[in-house]
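**Student:** Please read through the structure below; I'll follow up with questions.
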Amino acid sequence: MNDRNHSPFSPSLYVHIPLCVRKCPYCGFYSESVADHNPARLVAALAREVRQVVSDSQTPTVYVGGGSPTCMPMDLLGRLLYEITRRVRGFEEFTVEANPGQVDRPILEFLRNIGVSRLSLGGQSFQPEELRRLGRLHTAEQIVEAVETAREVGFENIGVDLIFAIPGSTMASWRASLQRAIELGVTHISAYALTYEANTPLTRDREAGRIVPIDEETDRQMYELAIDMLTDAGYEHYEISNFARPGFACRHNLGYWANRPYYGVGPSAGSHIDRKRCTRIADIRQYIHAIENDLDPVAETQETTPLEFACETAVLNLRRIRGIDRAEFRSTTGYDVMDLFAGVIADGVDRGLLDADDTGIRLTRQALPIADSVLCDFADLDS
Ligand code: SF4
């Protein structure tokens, strides 16, 4: 049982920059307007926390996200990225999230030269009306321009995020956005359904009847269309919402889905080390105050039991299209997945939602559009 307590993997690093030019009406993430804050002090605090938490061991992947990292002045973002590259060693992937419309050739050249290997662009849609509805500040042309310029300055690994089921969208408009992303030749495409997060202007508009959400059946068809079009175009469907050219799956996110450890740095960021999850203060000023005064920026800590860790690992692994690998699961958690979830697996197989054999378990194609409800059954063995 002792080997159920410690991960043999070195932690990856996630750095969270919760600043945006303007809040998008659908966004439920913690982020604030860059105009209301002092980005230089935030960067100094982030760099200090990186120095505090990253140990001398190898760091397999680095991911700088937000928020919108690229809404900060480039010299400040550069200072932070430079600090990261000085501190972390041996990373095989270094991703920075970027907003189209906030990156030009000098910025992209700078990111590439400092060692960023993967660019993740928040494109969301190629339809002007949908971008307007989402409150995005960029145009479809700026997505194209950002991808082409990134490639010209040497980025081989470029991802674009897309959102479907936007109010007012149609199967045709979604097809056109997917087609545009495929034509651009990006190496990675994430396709997420629009969700109605609590306390957002979008949700208030829906509650007040000012917008009509896309119905469930169309939402499902849009997801199915993404799977069909992207796999036909040669992308590997490797996670419920993620598709990549062979060899270009996001290694950082694969680490999350394998339930490997990671450091999280920045306001509201979570970390996961040795079965302990810590969430930092979701308040930029309080976070900076804590770091500047050598106080603990962690607001919440949750330690999981070995059994809870196994359930968590099953849920995360099943997000991957290859699902749970029995041998990997045993080495990560100490449990045999077939024994631990025998009842849940038998029920899922009977209902055509799970495919199981001696090597492991995976969601069937039929289960993918309702994946969250299937994963729930693995989340808590007592329920
Ligand atoms: S840019 Fe991204 S993080 Fe910022 S408000 Fe919009 S969706 Fe949220």
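The values are calculated or read from the model by the stated rules, or taken from the named source; none is laboratory data. What you are looking at is a predicted structure, and each value in this text was computed from that prediction instead of being measured. Here the Cβ is made from the backbone with ideal geometry for all residues, glycine too, and neighbour counts use every protein chain on show.
**Student:** How many residues does segment 137-149 contain that are more than 12 Å from the ligand (Cβ to nearest atom) and not in a helix (DSSP H, G or I)?
**Tutor:** Qualifying residue count, segment 137-149: 1.
**Student:** To continue, here is another question. For segment 114-136, state whether one or more residues are more than 14 Å from the ligand (Cβ to nearest atom), under 22 Å from Gly264 (Cβ atoms), assigned to a helix (DSSP H, G or I) and under 21 Å from the mean Cα position of the chain (by Cα).
**Tutor:** No: zero hits.
**Student:** In segment 90-105, is there at least one residue being modelled with pLDDT of 95 or more, farther than 30 Å from Pro213 by Cβ and in a helix (DSSP H, G or I)?
**Tutor:** yes
**Student:** For the structure I just gave you, tell me whether Leu81 is in contact (Cβ under 8 Å) with a residue 60 or more places away in the chain, in the same structural domain as Ser169 (by TED's automatic domain parsing) and either under 18 Å from the mean Cα position of the chain (by Cα) or surrounded by 15 or more Cβ atoms within 10 Å (Cβ to Cβ) (or both).
**Tutor:** So Leu81 does not fit the description; no.
**Student:** Given the condition more than 13 Å from the ligand (Cβ to nearest atom), free of Cβ contacts under 8 Å to residues at least 12 places away in the same chain and surrounded by fewer than 23 Cβ atoms within 10 Å (Cβ to Cβ), answer yes or no: does some residue in segment 154-163 qualify?
**Tutor:** Within segment 154-163 (the criterion being more than 13 Å from the ligand (Cβ to nearest atom), free of Cβ contacts under 8 Å to residues at least 12 places away in the same chain and surrounded by fewer than 23 Cβ atoms within 10 Å (Cβ to Cβ)), the answer is no, since none of the residues qualifies.
Residues checked against (1) away from the ligand (no atom under 14 Å from the Cβ); (2) among the β-branched types (Val, Ile, Thr):
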| residue | (1), (2) |
| --- | --- |
| Thr61 | yes, yes |
| Gly66 | no, no |
| Cys71 | no, no |
| Leu80 | yes, no |
| Arg89 | yes, no |
| Glu93 | yes, no |
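**Student:** Moving to a separate point now. Cβ-Cβ under 8 Å, sequence separation 6+ or interchain: first residue in segment 19-33 and assigned by TED's automatic domain parsing to the domain that holds Pro201 and outside any loop (DSSP other than H, G, I, E, B), partner more than 8 Å from the ligand (Cβ to nearest atom) and among the small types (Gly, Ala, Ser). Which pairs?
**Tutor:** Matching pairs, first to second residue: Leu19/Ser33; Cys20/Ser33.
**Student:** Out of all the residues in segment 270-280, is one or more touching a helix residue (DSSP H, G or I) at 6+ places or on another chain (Cβ under 8 Å) and more than 20 Å from Thr59 (Cβ to Cβ)?
**Tutor:** Scanning segment 270-280 turns up no residue that is touching a helix residue (DSSP H, G or I) at 6+ places or on another chain (Cβ under 8 Å) and more than 20 Å from Thr59 (Cβ to Cβ).
**Student:** Here are the criteria: (1) of a type in the set (D, E, K, R); (2) closer than 23 Å to Leu81 by Cβ; (3) out of contact with any Lys or Arg (no Cβ under 9 Å at 6 or more places or on another chain). Tell me which single one Glu328 does not satisfy.
**Tutor:** Going through (1) of a type in the set (D, E, K, R); (2) closer than 23 Å to Leu81 by Cβ; (3) out of contact with any Lys or Arg (no Cβ under 9 Å at 6 or more places or on another chain) one by one, Glu328 breaks only (2).
**Student:** Okay, next question. Counting only residues that are within 8 Å of the ligand (Cβ to nearest atom) and aromatic (Phe, Trp, Tyr), which one in segment 16-34 is farthest from Tyr63 (Cα to Cα)?
**Tutor:** Filtering segment 16-34 for residues that are within 8 Å of the ligand (Cβ to nearest atom) and aromatic (Phe, Trp, Tyr), the one farthest from Tyr63 (Cα to Cα) comes out as Tyr26.
**Student:** Please state which of the following conditions Arg51 fails to meet, knowing it meets all the rest: (1) assigned to a loop (DSSP other than H, G, I, E, B); (2) more than 16 Å from the ligand (Cβ to nearest atom).
**Tutor:** Failed condition: (1).
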